[in-house]
Each structure stands twice: as C-alpha cells, then as structure tokens.
Amino acid sequence: MEPLLAISVGVMIAGALYLMLSGMLVRFVFGFVLMGNAVNLLIFTAGRLSDTAPPLIAPGRTLPAEPVANALPQALVLTAIVIGFAMTLFLLVLLYRTYDRTRTLDADQPVFVNEQAGTDDPAGPDPDGPDPKDPA
Amino acid sequence: MRSELSQTGKVPDCCRAGLFSSLLPLGLFVLLCLAWPRVVQGHMFTVHWNWVPSLDLALAFRLDGLGLLFGLIITMTGFFVTLYASTYMAGYTQLGRFFVYLHGFMLAMLGIVLSDNLLLLFIFWEATTVLSFLLIGFDHDQAGARENARQALLITGGGGLFLLMGILLLKAAGFPMTFGLLAASGNLVRAHALYPAFFICILVGVMTKSGQVPFHFWLPNAMRAPTPISAFLHAATMVKAGIYLLLRLHPAMAGTPLWTGTLVLIGGGTALWGAIQAIGPCDLKRVLAYTTLMALGVLTLFAGGQTVLSLTAATTFLMVHALYKAALFLAVGSIDHQTGTRDLNRLGGLMKCMPLTALAVTGATLSMAGFPLFFGFIGKEIMYKGALAQEMFPVFATIATLVSNALMTAVAAVILITPFAGPLGGKLSLVCEVPWTMRLGPAVMGVLGVMFGIIPEWVSAHLIEPAVFAIHPDREEIRLVFFHGINLPLLLSILTLSLGALIYGFRSPLRQGLLTVLDRLWFTFPGLYQTGLDRFLTLAGRFTSIIQNGSLHIYLSVIILVMIAAVGSVWLPHLPGIAKTAPLSGPWIAAGLFNFILISTAVVVTARHRILAIGGLGGVGAGVALVFLVFGAPDIALTQLLVETLTLIFVSLILLRLPPLEKAKPPSRSRTLRNAGLASSAGLIIATLLLATLQTPLDRSLTAFFETGSMVAAHGRNIVNVILVDFRSFDTLGEITVVVLAAWAGVNLIRRAKER
Amino acid sequence: MQSIILKTATRLMVGLMLIFAVYVLLRGHHEPGGGFAAALLAGTAFALFAITEGPDQVRRAIRIRPLTMAMTGLALGLAAGLPGPAAGKPFLTGIWWQAGPISVGTPLVFDLGVFLAVLGSILSMLLCLEEN
C-alpha cells in the first residue's frame, strides 16, 4: 500500500510545484495548499501503515491491547495541518492585500520584479550627515 | 522632534517620569557607597552563578577598587544625567523609550565594570554598543543622526568582533576567563607565542570603543545625540570602557615592550591629534568631543605604563576628566537649551543671565585647565610625574602630555570666556537660567572638582589607592598632595599654563592655520571609511539586484533546481533498483483512494475556472483525510476534514474579491513545458525518496515510549493527544503561537486594506 | 443571505455543532478529538453563523474580541506550563491531581488554551474578512 501512496505524494508535489511556478498568484496559493497535503501524507506514510488500529488505549488498561498505528507521525501531522492552515489563511490575506495594492495577480508584472533592487538610495544625500572631507 | 524651547524656570509636568526613574541610578550609587568602606579595607565582593560552564561562561561579578571607582562615576553621572534629561528632553516624543535606553545603557556599563568573566564582559560590551547606537540615533527622523549612529555602530561593533576574537584566542590557548585566575597566569600569557595576537585583537576593540586614532572620528560625529546622551556616553561611560578593559587586563597582559610601546605611541598620538583639533570647531559640543579624544589618548598612554605612578596618573585623570567633562557637557546643553545655539561666534555675555551655570562652568574649566586648588591641578602634577617615569618613550610621553595639556588650557579658556564674558548679544537678552534639575549636576560636579583639589589625600586613600591596588601587585603608598615642592612637574605645570595663555592669545591665526591644513589633507580616515562604505553598498546593491530581483518564478526555479541537483545527483543511480522492489498493489480501497487523489490533483492543476480548482482541492483534501481514517488515524482525519471545510470557506471569501482565474494570461508554451519538467522531476525525486525510506527498517522506540507512558505517566488514553498536550507540549505551544501570530498579522493586513 | 430554510437550519446546526465541539474538546484526552479539532469545529460553526446572520451577530455571540480570545489561549498554554517548575520539574511538565474518580491535570488546561488560541485566530480573520 505504501508505494501507492508514495506515488500519490510524488504526483501531488509535482502538481503543487507546477501550480506555484505558473506565475499566477491564485494558482500559487492552490499549489501551496496542495503541497501542504502532500507533505502531510508523506510524513504519515513514512511512519508505516502496517497496523491500522487507532492509537488508543481501551478503558481500564495501561497499554494498547494490539499493535496500533504509529502515534508519533500522527501527532506531527496534526500539528502540521493546523500550522499549514494558519499559513494558508495568511497567504490568502496577503493575496488579497497584494491585489488591493497592485491591482494585478500576475507575479511577472513589473510591480513585483525589480531589476535595480538595492542600487537606488531612497534617502538621497544628507546635508546633516558626516562630511566625508571632515578630517575629524 | 523638539518643540518650542521652554523659557520658564519650572519643571514641566511631563517629566515626572524622568525624575522618578532617576531613583534607579541614585539607588545604585547609594548601594555602591555602602560597599565602599569594605572595599577600601581591601575586601572584594564576588558573586558567581553558572551559566554555560562548558564555555567557561559564568554570571560572575566582582566589586573591587577599580570597579568601584568606575561604578561610582557611572551611577553618579547617570543620576545627574537622568535628572537633567527629565527637563531637557521635555518636548521630545518617545520619552519612555529614551529613559529605557539610557538606563539600559547604564546597567550594561555597570555590567562591564563589575563582571568577573571576560566573556560576560564582552556581552555587556556589545550591549553598550547596541544601546549607544540607539541613543546616538535617538533623533531617528533625521538622516544625519541615523548616519552617525550607524557609523558608531559599524566602528565599535567591528572593534567588538576583534575583541571577541582576542578573547576566544585566549580561551583557545587554554587560559581561564575569570580575571583573578587570568591575572594569576599573567606570566604564561605574556610568554605565550600568540601573545601579540591576543594583544592586537583586544587592542583594536579598545581603540574603536575608546576613540583612538585612527578609529576616533565616530566620537565627534556621535555628538548628534541629544546633549544628556553625549554627556553620559562620551564623558563618563562608554568611551571609558576601553580604558577600563586596559586597566583590568593590566595584571594579565601588561609589562611587555609591545604593550607599553604601542599604548604610549597610540595614546600620545590621539591626545595630540584631539587637542590640536579642539581649537578648530565653533560648535561647543564638537570642541568638547575633541577634548574627550585628548583625554582618552592620555588615559591610554598611562594605561600603557608599568609603574604605580603611571596607573595612579591614569585613575586620577580619569576622575578629573569625568567630573569636569560631564559638568561641561551638561552646561553646554543648558546654554543650547536656553539660547538655541551652541555656536561660539553667536554666544556672549551669558554670565549676566545664567549666573549659576556660569559658576559651574568656571569650576569645571579651571579644573580642566589645571589651576592650583582644583582637582585638575593634582591630576596634571601626577600626569607629569607619570610621563617622566614612563619606561618607554618618556620624552615623547612628556611632550605629548605637555602640548595637549597646554591646548586644553587654551580650550578651557575659550569655553569659559567666549560664551559667558563680554556684552550680551541682542537676541540673547531674554535668556534666563535653567531649572534646578539642569543646574544640580554641573554644580555638584564643579564643587567636587574644587573639593577633591583641596583634600587630595582623602581622595588618594579612598578612591585611587583601592583602584590601583586592584590591578597592581606593589602596595607602595600613593599620596596625592597639593604641593610637592619645587620640582620638574611643578615647572611643567607652570609652563603648561603659560603656553595655554599664549595659545589662547593667538587662537584666531592658529585656528585659521589648522583649518587650512585640514582642508589640504588628501587622505583622511573618515574619508577612507566613507569611500569603503559607499563601495560596499554599491557592491551589495548590485549583488542583491541579481540574486533578489523579485521574480517569484526565478526564486522557485532556483530552489527546485538546487534540490534536484543536490538530491538527484546522489539519487539517480539508485532509481531503477527502488522502482523494481516496490510492490504496487494494495487493498481495493487503497487503489480507489489512490485514483481519487490522482484525479483530483489533475483537476486542480488543469482547471481554468476557479470553482473547478477549488473543487479539486477539496477532493484532494478529502482523499487524504480518508487515507488517514483508513490507516488508523481518526484524530488527524477529523482535523483534516474540518481544515478542508474552513479552507474552502476562506478561499471562497477571498476569491470572491479577486478577479476570476480565467481572465489571467496563460504563460508561453515553452515556459509551461519548462515548468512541467522541473515540477515532475522534483515530484519523481520525492516519491522515490519516500519509497527508499519505506524500505529501511523503522525505529519505533520513540513511539513505544509514548505508548507505554501515555496512560501510566500522563493519564490519557488517546496517545496522539497525549503527545500533543503533554509529552511534546512545548512544540504545541510554539505552534499555537505561530497560529496566533499569523492571525494577528492577517487581521492587520485586512484592516490596512480597509483604511485605504 | 435571505434563504429562510438556510437560516432556520443554520440556527439548529450551529447550536449542535458548538455542543459537539465542546464534547470533542472534553473527550480529546481519551478518545479521538482534542483542542485542535474542537476549535476547527467551532470555527466552522461560527463561519456558518457569520454567513447567514452576518459578522456582527457573531461578535455579539462571543462577547470578547477574537484576538483577545487567541491571546487568552496563549496565556493559558503558558500558565499550564508553570506548575511544572513550581514542583521542581521542567517547564510544561504535566502535573495531575486526583479528585475522587476523575483526575485533573495541567494538560487539560493546556488543551483548553490550544482550543481558545486556534478558535480566536480563525474567528479574528474570518470576521475581519466578512466585515470588509
């Protein structure tokens, strides 16, 4: 069974990256969500799926009666799902704000791509700054 | 930032916070005073808490004579400066921030002089660097203040790195970090093959912090800070940190020709350069800044000496300077505050309207000039004695001291006579005296300058001797006395005063000459700094524009390519084997889910309409949730389903406000192919990596630990939940913090959008 | 929205979902469930409520600001860590008290903190978006 899931993970990752590369910000977010699902499935699968009983202990006992599914990756995935959810929400809001500011959702627009980043000086020359000729 | 100048003599209400917070330095001062008698008897207070024992880093503090002397200066100046600032800073915004920085700085400074561990000292050292950056750039709405703050940070911070390097070299050579132990192994340090490296690294740190040539220029530029800060940082504390370190390391490292020769030459040079330049500027604060350079040079010169006499000269002059310089800075601030200018050409006749400030300045300048009966006179006598007895370059030391002292005398005369004597300028007739909060500091420090000059024996027994004995093995008695009889130092003192008077008389032509010479210099250290910085910024700009040009597509392509190259190069040979060994079969439900997830993914990827894409995403999410459910994870299946639902709600909410997907221009065919190639290679690598992982044996010991502990130790039957809220709850705490922060940021983003 | 069927059904649904959320929260230590799932469930319920009745009604129903709720959750999570150091154990060590047949422990408080933090975060963004 695990190999099938491994292939699913691969396909999902490929689809997610393809979406993220498309240059359309909405599809980027779709890719992000897809990627989250893929990674969760990856962690889960890596913890093996041979035992399918939920990791619960019956009342009155101190140990699980039978071999149960691996609880550790489950805890990791549970955390990852919620964090991924929060990040997705933030990304969505960011998307909304970006559109609000730039009126475009095309990541290749010149608003986003700065060819001369870093070379411009927003402050300009400063009359009060230290004079380079001042031999203090 | 500053509002209209207050012309009344009352304390404004908004400054109660400053008055109140001045209790902190006052309290610390009183505490030090309580410990004082025991320290004079030779007791050393120590505390020691382990911090990182494996790094020899401990929260170790000690209070001995040297620390006490510095501590008293720091807290006393800190108290007067806070009191002063409570009035002076009225009208500035962000006063709370100011006092936090100021007191934080003071505590960091106290940390330096009280720590008993070199690494701990370094931490406090860096803290003063950062806090002084914040204080110098306090008027951060002015580009000049920002620029100068950055200069101070780059220079002192860069020097700090050298200091760290020196300390780590010492540590790597096996020397202890505690001062007492380090001093005990002083002979080994001096004999070590790496001694020159220790010395040079630490010296660079000291030189940058204490404004020694060629790292001196940040200090006059730092005068952009509001005056109370200048007074505190540059008269009494920050720049003395380097001197303190030299004195503190004296038992461990001094006594070599390298130490003495270098320090005498650098110190003498700095003293001369600072003193000569002090007659140049018209801005009173800048004048004071250059005289500080002179003082730091002289202190370095004497810290280089080996004898008790030399160290006595250093500590005595340290006190002399702290007293008169803090008083003068504060008084200059008062003049600026009341008249709105610090320009020597525009000031005059202030004696009539600011008599009490004038009196305090008189005391301070006479001490600075070294007139008899003032503490400065005592300091100068002992300085000449020390310079004449210097082991190396005594002639140079004496001449440097003599010339810079003479220049100091002339500058003191300028500071006293120009603003206060003569006729009152027309515009200045409305000026009145400052309130008591701004008078107290200069007055007390002026009075101390006279008092210490009259009772030098007491000072030497209670302050100088404990300080010197803390760093020098010889216990020869130190006696500062008023009159030694007619000897060479006395003659030199008289020569200083006459030379000073001469320079004062010819100050105009001298200033003209100086300015002409400075103008003709083709090479200067600040120029070098500026050129270097400019070139570096240009380079950084070009580099940034290449690697961070803002194109999402390029960023992602690079990341994916690097991953493919790094993993794929190792991985490719193993691919066929893995593909062969993987059994591609499973129960019918697994095959069904597999197909469902695959089809949903295909729908998301190919959808041209957003509703279709959202539906596909929901399908993938549901498919993954079903996998969780089938393979024994009801907890995450439930969570996944709920998250899918909420994600869909949010996606719809947002997408309703955005233009439809189908309107977007599709990328070119070649780019689509390239993207598909990149994405599928990455997917292939991940899938095969997972397949390979699945073929390795699984270590379930951690899971077994959780399974056994779940009920017994944590009283929970749901093992997953127990891991989340008990065994690994610190992780979960971090996670919900991330969630809350994301929500907070999101809410603010939406609100900002609403405001527009 | 104006659909009467939706409105009526929603009232019933939301009530049921919230009760179920509390149930999921409480049973979480022994059966599938817990703070995360409960918070998501309650969040879904409020989202439904906000769609039919508007965000103002939701604000009125929960009484405190959503971000305050989230911060309270964080504070509870931190507070649940403090009994550990007080008993000389590391931060966030679970401490249990036996009160008759039921045992009460700091992990339960922590789970409640998780619930509030996640629910508050969801609600704050949801309501803000709905009002925009």
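The table below lists the values:
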{"read-out": "Residue check for B:G111: in contact (Cβ under 8 Å) with a residue 12 or more places away in the chain, more than 24 Å from B:S22 (Cβ to Cβ) and either within 14 Å of another protein chain (Cβ to nearest Cβ) or in a helix (DSSP H, G or I) (or both)", "value": "no"}
{"read-out": "All positions within the stretch A:33-67 that are within 13 Å of B:I636 (Cβ to Cβ), under 23 Å from the mean Cα position of the chain (by Cα) and facing chain B (nearest Cβ under 7 Å)", "value": "A:N37, A:N40, A:L41, A:F44, A:T45"}
{"read-out": "Residues (in a helix (DSSP H, G or I), facing another protein chain (nearest Cβ under 7 Å) and farther than 24 Å from B:P659 by Cβ) located in the stretch A:68-94", "value": "A:A71, A:L72, A:Q74, A:A75, A:V77, A:L78, A:T79, A:I81, A:V82, A:I83, A:F85, A:A86"}
{"read-out": "Leading residue by the ranking (nearest to B:G67 (Cα to Cα)) among those in the stretch B:146-163 that are aliphatic (A, V, I, L, M) and open to solvent by 50 Å² or more (accessible area, probe 1.4 Å)", "value": "B:L161"}
{"read-out": "Residue check, B:L272 surrounded by fewer than 24 Cβ atoms within 10 Å (Cβ to Cβ) and over 20 Å from B:I415 (Cα atoms)", "value": "no"}
{"read-out": "The stretch B:144-170, residues that are within 20 Å of B:A127 (Cβ to Cβ) and more than 15 Å from the chain's Cα centre (by Cα)", "value": "B:M165, B:G166, B:I167, B:L168"}
{"read-out": "Residue within the stretch B:703-714 that is farther than 17 Å from A:N70 by Cα, in a loop (DSSP other than H, G, I, E, B), in the same structural domain as B:D726 (by TED's automatic domain parsing) and not acidic (D, E) present", "value": "yes"}
{"read-out": "Residue selected from the stretch B:746-756 under the condition assigned to a helix (DSSP H, G or I) and more than 10 Å from chain C (Cβ to nearest Cβ), by the criterion modelled with the lowest pLDDT", "value": "B:E755"}
{"read-out": "Failed criterion for B:L69 (all others in (1) free of Cβ contacts under 8 Å to residues at least 60 places away in the same chain; (2) aliphatic (A, V, I, L, M); (3) under 22 Å from B:L318 (Cα atoms) hold)", "value": "(1)"}
{"read-out": "Checklist (1) surrounded by fewer than 24 Cβ atoms within 10 Å (Cβ to Cβ); (2) facing chain B (nearest Cβ under 7 Å); (3) of a type in the set (F, W, Y) applied to A:F30, failing item", "value": "(1)"}
{"read-out": "Condition check for B:K325: under 21 Å from B:F452 (Cβ atoms), charged (D, E, K, R), open to solvent by less than 10 Å² (accessible area, probe 1.4 Å) and part of a helix (DSSP H, G or I)", "value": "yes"}
{"read-out": "Filter result for B:A235 (in contact with a Gly (Cβ under 9 Å, 6 or more places away or on another chain) and surrounded by 18 or more Cβ atoms within 10 Å (Cβ to Cβ))", "value": "no"}
{"read-out": "Selection from the stretch B:649-678 of residues that are without any contact (Cβ under 8 Å) to a residue 24 or more places away in the chain, open to solvent by 30 Å² or more (accessible area, probe 1.4 Å) and either in a loop (DSSP other than H, G, I, E, B) or at the interface with chain C (Cβ under 10 Å from one of its Cβ atoms) (or both)", "value": "B:I649, B:L656, B:R657, B:P659, B:A664, B:K665, B:P666, B:P667, B:S668"}
{"read-out": "Selection within the stretch A:95-115 - part of a loop (DSSP other than H, G, I, E, B) and within 7 Å of chain B (Cβ to nearest Cβ)", "value": "A:L105, A:A107, A:D108, A:F112, A:V113, A:N114, A:E115"}
{"read-out": "Selected residue (criterion: nearest to C:T106 (Cα to Cα)) from residues of the stretch B:723-735 that are facing chain A (nearest Cβ under 8 Å) and within 34 Å of the chain's Cα centre (by Cα)", "value": "B:D731"}
{"read-out": "Pick from the stretch B:683-711, criterion more than 7 Å from chain A (Cβ to nearest Cβ) and touching a residue at least 40 places away in the same chain (Cβ under 8 Å), ranking: farthest from the chain's Cα centre (by Cα)", "value": "B:Q695"}
{"read-out": "Residues being of a type in the set (S, T, Y) and open to solvent by less than 40 Å² (accessible area, probe 1.4 Å) - total across the stretch B:699-756", "value": "4"}
{"read-out": "Test: residue in the stretch B:452-465 that is of a type in the set (A, V, I, L, M), more than 30 Å from B:G255 (Cβ to Cβ), open to solvent by 20 Å² or more (accessible area, probe 1.4 Å) and within 40 Å of the chain's Cα centre (by Cα)", "value": "yes"}
{"read-out": "Residue under evaluation B:T77, criteria (1) open to solvent by less than 10 Å² (accessible area, probe 1.4 Å); (2) under 15 Å from B:R248 (Cβ atoms), criterion not met", "value": "(2)"}
{"read-out": "Test: C:V118 is in contact (Cβ under 8 Å) with a residue 24 or more places away in the chain and open to solvent by 40 Å² or more (accessible area, probe 1.4 Å)", "value": "no"}
{"read-out": "Failed criterion for B:H484 (all others in (1) open to solvent by 50 Å² or more (accessible area, probe 1.4 Å); (2) in a helix (DSSP H, G or I) hold)", "value": "(2)"}
{"read-out": "Test: residue in the stretch B:133-145 that is crowded, with 22+ Cβ neighbours inside 10 Å and either acidic (D, E) or within 22 Å of B:L23 (Cα to Cα) (or both)", "value": "yes"}
{"read-out": "Members of the stretch C:17-52 found to be open to solvent by 30 Å² or more (accessible area, probe 1.4 Å) and facing chain B (nearest Cβ under 10 Å), listed by number", "value": "C:R27, C:H30, C:E31, C:L48, C:I51"}
{"read-out": "Selection count, the stretch A:21-51, where residues are touching a His at 6+ places or on another chain (Cβ under 9 Å) and assigned to a helix (DSSP H, G or I)", "value": "1"}
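Results for (1) over 29 Å from the mean Cα position of the chain (by Cα); (2) at pLDDT 85 or above, shown as yes or no for each residue.
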site	(1), (2)
B:S6	yes, no
B:D13	yes, no
B:R16	no, no
B:L19	no, no
B:L23	no, yes
B:G27	no, yes
B:L34	yes, yes
B:R38	yes, yes
B:T46	no, yes
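Listed here are the residues, each with its yes/no results for (1) open to solvent by less than 50 Å² (accessible area, probe 1.4 Å); (2) at the interface with another protein chain (Cβ under 8 Å from one of its Cβ atoms); (3) touching a helix residue (DSSP H, G or I) at 6+ places or on another chain (Cβ under 8 Å); (4) on the phi < 0 side of the Ramachandran plot.
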site	(1), (2), (3), (4)
C:T72	no, no, yes, yes
C:A75	no, no, yes, yes
C:P85	no, no, no, yes
C:T93	yes, no, yes, yes
C:F110	yes, yes, yes, yes
C:M125	yes, yes, yes, yes
C:L129	yes, yes, yes, yes
C:N132	no, yes, yes, yes
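Table: residues versus (1) of a type outside the set (A, V, I, L, M); (2) out of contact with any Phe, Trp or Tyr (no Cβ under 8 Å at 6 or more places or on another chain); (3) at pLDDT 90 or above.
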{"site": "C:T44", "(1), (2), (3)": "yes, yes, yes"}
{"site": "C:E53", "(1), (2), (3)": "yes, yes, no"}
{"site": "C:R65", "(1), (2), (3)": "yes, yes, yes"}
{"site": "C:A75", "(1), (2), (3)": "no, yes, yes"}
{"site": "C:P85", "(1), (2), (3)": "yes, no, no"}
{"site": "C:T93", "(1), (2), (3)": "yes, yes, no"}
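The values are calculated or read from the model by the stated rules, or taken from the named source; none is laboratory data. No experiment lies behind these values; they were computed from the predicted model shown. Neighbour counts are summed over all protein chains in view; Cβ atoms, including those assigned to glycine, are modelled from backbone coordinates with ideal geometry. With ligands, DNA and RNA removed, areas are computed over all heavy atoms of the protein, side chains included. Shrake-Rupley method; radii C 1.70, N 1.55, O 1.52, S 1.80 Å.
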